[in-house]
Amino acid sequence: SYDPSKALDKYQEKDKVSGVRLYFTLIRQYPWQITLSVILAISLQLTGINAVLYYAPTIFENAGFSGSSSSLLASVGVGVWNFL
């Protein structure tokens, strides 16, 4: 399996490159992985998922979950799902 720390160690030991040079080397080596990561981060910001998670207990309470503990538990479930 792939271990990113070994890849970084390899580049740093081989050339003693600066951080900027290492950054561009990794971009050239893994372009679609980095592009996908950046697109995912930007889309999460643009969709407003942070606002949904912030107001999740209120949203679940208005949706019919009785009590604050069950709505809070439901929002924890949403947070875990978002993490996965």
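Scanning segment 41-71 for residues being part of a helix (DSSP H, G or I), open to solvent by 80 Å² or more (accessible area, probe 1.4 Å) and modelled with pLDDT under 85 gives a total of 10. Residue-level analysis places Gln33 outside the set of residues that are surrounded by 10 or more Cβ atoms within 10 Å (Cβ to Cβ) and modelled with pLDDT under 70.
The values are calculated or read from the model by the stated rules, or taken from the named source; none is laboratory data. Computed from a predicted model, the values in this text were never measured in an experiment. With ideal geometry, Cβ positions are generated from the backbone for all residues, glycine too; neighbour counts draw on all protein chains shown. The area values use the complete protein model at the heavy-atom level, side chains included, leaving out ligands, DNA and RNA. Shrake-Rupley method; radii C 1.70, N 1.55, O 1.52, S 1.80 Å.
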